There are 2 protein chains.
Amino acid sequence: MSTAADTRKLTPRGRDRRQSLLDFAIRRFAENGYHPTSVADIVDGVGVGKGVFYWYFPSKDDLLREILRDSIYDLRKTQQAAIDGVDGPLAKLEAGVRASMAWSMTHPDILRLVAFAWTEQTFAEALRKGDQILLADTARHIKAAIAEGDIAPGDPELLAIAVNGVTRQLSSPETGTVSGDGTVTIDEAQIQERIELGVRVVLHGIRG
Amino acid sequence: MSTAADTRKLTPRGRDRRQSLLDFAIRRFAENGYHPTSVADIVDGVGVGKGVFYWYFPSKDDLLREILRDSIYDLRKTQQAAIDGVDGPLAKLEAGVRASMAWSMTHPDILRLVAFAWTEQTFAEALRKGDQILLADTARHIKAAIAEGDIAPGDPELLAIAVNGVTRQLSSPETGTVSGDGTVTIDEAQIQERIELGVRVVLHGIRG
DNA sequence: GCAGTTCTTGACCGGACGGTCAAGAACTCA
DNA sequence: TGAGTTCTTGACCGTCCGGTCAAGAACTGC
């Protein structure tokens with residue numbers, strides 16, 4: 001009763017329903033665009049009444065924000081796990097690049113949503129903080145590598161942005177191969193190839 | 001009468017009006033988002049009646065498509081002019097990187113629109129072709145550099161994507177410094193610094 | 001000054017959208 | 001079984017949006 005939709009206590013059944021709405025929304029947003037996808041589209045796709053959506057989410061905007069928040073958190077967690085236990089700044093950097101590329105290429109829908117979110121202030125704010133953290137992480141390793149004399153001096157912040165560019169673009173769903181039905185995909189072999197090339201370009205690129 | 005709005009013969013006054021609508025729309029789309037910006041917003045901003053918009057443009061969609069088409073053409077023209085007369089694949093590559101970064105950083109609004117356009121099929125199609133051309137250009141120079149033994153072998157297509165990533169990210173308005181009023185900007189000194197770093201990272205990156 | 005064209009106005013239209021809500025179905029637990 | 005809670009329904013609401021159009025103003029060339 002008047003409990004906020006985002007604080008609600010859910011039964012297992014409720015959690016399932018919520019998750020299927022989330023999953024369907026992510027797919028639709030990614031393939032159709034956020035604005036062109038209406039709440040009615042989502043509930044119709046899942047096969048429920050409109051009220052169900054507002055039982056589980058406060059608004060359409062909040063749904064997207066939640067997707068972004070969760071995704072950033074998941075990416076960061078994955079990256080941290082990959083870096084943990086690796087020694088040396090360059091090795092950490094490489095592990096981070098591998099992890100973020102692998103994650104990105106297995107979450108193409110999310111990447112599309114993030115790309116959209118950057119184009120509207122309301123959502124971009126939700127990304128800025130997480131982006132800063134990931135960038136600062138990379139910059140820290142670069143700075144350490146410079147301090148240890150592993151690579152030539154240079155602005156670590158800007159180098160981190162460049163590194164980010166390489167991994168982002170190589171992982172971007174838009175640069176995959178276009179299938180007959182118009183869908184753009186990157187298969188498993190391509191994923192490995194791209195990761196290896198990404199690592200190579202990044203390590204040589206910052207070495208200048 | 002009943003001439004299509006995009007084939008219309010315009011007087012100088014008409015061309016001015018059209019241009020101010022275009023300019024205002026670009027700025028609004030970039031800062032506010034495409035969908036959240038209504039045609040009413042645009043005509044109100046320019047201070048004219050709604051019908052004026054549809055006298056000069058067939059639809060809101062067409063307006064964006066025209067902006068994208070013109071921008072891609074302008075970028076490509078600029079890049080070509082910069083590369084022309086430069087000798088050697090690596091020098092051509094460098095000239096291309098410099099030109100595209102300089103262009104991108106002086107057209108931040110356009111970059112935002114392009115980023116948005118990639119997230120919706122209808123508009124993404126308008127970009128795909130131009131993107132392929134720019135990418136193929138870069139790939140050609142890389143291939144030539146490999147052939148001449150200037151850089152180590154590697155898939156030119158993927159290397160071109162990586163190069164693209166470096167230049168795109170370093171030129172991205174989102175990676176600028178946030179001013180007090182929330183606007184993100186990159187000043188002239190930063191532009192030069194970023195271009196130099198971009199060139200350095202690209203040339204070393206593909207050298208691997 | 002007149003005819004023809006270019007341009008401008010803003011009320012208006014049909015429809016879609018995000019979000020609400022009263023009503024009730026389906027579970028849970030004592 | 002029955003009271004309480006979680007979940008579901010879909011008609012409904014106010015608003016806004018892209019786009020139209022009849023009317024007329026402002027130019028242009030003669």
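The values are calculated or read from the model by the stated rules, or taken from the named source; none is laboratory data. This is a predicted model, so every value here is computed, not measured. Ideal geometry is used to build each Cβ from the backbone, glycine not excepted, and the neighbour counts take in all protein chains shown. With ligands, DNA and RNA removed, areas are computed over all heavy atoms of the protein, side chains included. Shrake-Rupley method; radii C 1.70, N 1.55, O 1.52, S 1.80 Å.
Restricting the range A:9-42 to residues that are within 29 Å of residue A:104 (Cα to Cα) and part of a loop (DSSP other than H, G, I, E, B), the residue that is nearest to DNA strand D (Cβ to nearest atom) is A:35.
Name the residues in the range A:43-74 that are part of a helix (DSSP H, G or I) and within 14 Å of DNA strand D (Cβ to nearest atom), would you? Selection gives A:43, A:44, A:45, A:46, A:50, A:51, A:52, A:53, A:54, A:55, A:56, A:60. Would you confirm whether any residue within the range A:3-26 is more than 9 Å from DNA strand C (Cβ to nearest atom), within 14 Å of chain B (Cβ to nearest Cβ), in contact (Cβ under 8 Å) with a residue 60 or more places away in the chain and open to solvent by less than 50 Å² (accessible area, probe 1.4 Å)? Taking every residue of the range A:3-26 in turn, at least one turns out to be more than 9 Å from DNA strand C (Cβ to nearest atom), within 14 Å of chain B (Cβ to nearest Cβ), in contact (Cβ under 8 Å) with a residue 60 or more places away in the chain and open to solvent by less than 50 Å² (accessible area, probe 1.4 Å).
Among the conditions (1) within 14 Å of chain A (Cβ to nearest Cβ); (2) open to solvent by less than 30 Å² (accessible area, probe 1.4 Å), the only one that residue B:174 does not satisfy is (2).
Considering the range B:72-97 alone, what residues qualify as being in contact (Cβ under 8 Å) with a residue 24 or more places away in the chain and touching a Ser or Thr at 6+ places or on another chain (Cβ under 9 Å)? Residues satisfying the conditions are B:75, B:78, B:79, B:93, B:96, B:97. The single condition among (1) outside any helix (DSSP H, G or I); (2) open to solvent by 30 Å² or more (accessible area, probe 1.4 Å) that residue B:94 does not satisfy is (1).
Kindly establish whether residue B:33 is open to solvent by 30 Å² or more (accessible area, probe 1.4 Å) and either away from DNA strand C (no atom under 16 Å from the Cβ) or over 30 Å from residue B:203 (Cα atoms) (or both). Judged against the criteria, residue B:33 is not a match.
Going by what's in this entry, would residue B:85 be described as surrounded by fewer than 16 Cβ atoms within 10 Å (Cβ to Cβ), in a loop (DSSP other than H, G, I, E, B) and not β-branched (Val, Ile, Thr)? Yes, satisfied. Take residue A:80 and decide whether it is away from DNA strand C (no atom under 16 Å from the Cβ), open to solvent by 20 Å² or more (accessible area, probe 1.4 Å) and outside the structural domain of residue A:170 (by TED's automatic domain parsing). No: the conditions fail for residue A:80. Pairs needed: first member in the range B:47-71, touching a residue at least 40 places away in the same chain (Cβ under 8 Å); second member anywhere, within 10 Å of DNA strand D (Cβ to nearest atom) and part of a loop (DSSP other than H, G, I, E, B); C-beta distance under 6 Å; at least 6 residues apart or different chains. Every condition considered, the pairs that remain are B:57/B:5; B:58/B:5; B:63/B:57. Among the residues of the range A:41-61, is there at least one that is farther than 21 Å from residue A:169 by Cα, within 14 Å of another protein chain (Cβ to nearest Cβ) and in contact with a Ser or Thr (Cβ under 9 Å, 6 or more places away or on another chain)? Checked against the condition, which is being farther than 21 Å from residue A:169 by Cα, within 14 Å of another protein chain (Cβ to nearest Cβ) and in contact with a Ser or Thr (Cβ under 9 Å, 6 or more places away or on another chain), the range A:41-61 yields at least one hit. Filtered by the rule that a residue be of a type in the set (Asp, Glu), open to solvent by 40 Å² or more (accessible area, probe 1.4 Å) and under 17 Å from residue B:124 (Cβ atoms), the range B:36-69 gives B:61, B:62. Do we find a residue being assigned to a loop (DSSP other than H, G, I, E, B) and under 29 Å from residue B:38 (Cβ atoms) anywhere in the range B:119-141? Scanning the range B:119-141 turns up at least one residue that is assigned to a loop (DSSP other than H, G, I, E, B) and under 29 Å from residue B:38 (Cβ atoms). Just a yes or no: is a residue in the range A:112-131 polar (S, T, N, Q), surrounded by fewer than 20 Cβ atoms within 10 Å (Cβ to Cβ) and out of contact with any Ser or Thr (no Cβ under 6 Å at 6 or more places or on another chain)? Among the residues of the range A:112-131, at least one is polar (S, T, N, Q), surrounded by fewer than 20 Cβ atoms within 10 Å (Cβ to Cβ) and out of contact with any Ser or Thr (no Cβ under 6 Å at 6 or more places or on another chain), which makes the answer yes. Taking residue A:17, is it modelled with pLDDT under 95 and either under 30 Å from residue A:160 (Cα atoms) or in contact with a Phe, Trp or Tyr (Cβ under 8 Å, 6 or more places away or on another chain) (or both)? So residue A:17 fails the test.
Answer yes or no as to whether residue A:158 is facing another protein chain (nearest Cβ under 8 Å), over 17 Å from the mean Cα position of the chain (by Cα) and open to solvent by less than 30 Å² (accessible area, probe 1.4 Å). In short, yes. Summed over the range A:73-94, residues that are under 16 Å from residue A:139 (Cβ atoms) and charged (D, E, K, R) total 3. In this structure, residue A:49 does satisfy being more than 21 Å from residue A:110 (Cβ to Cβ) and either within 11 Å of DNA strand C (Cβ to nearest atom) or outside the structural domain of residue A:174 (by TED's automatic domain parsing) (or both).
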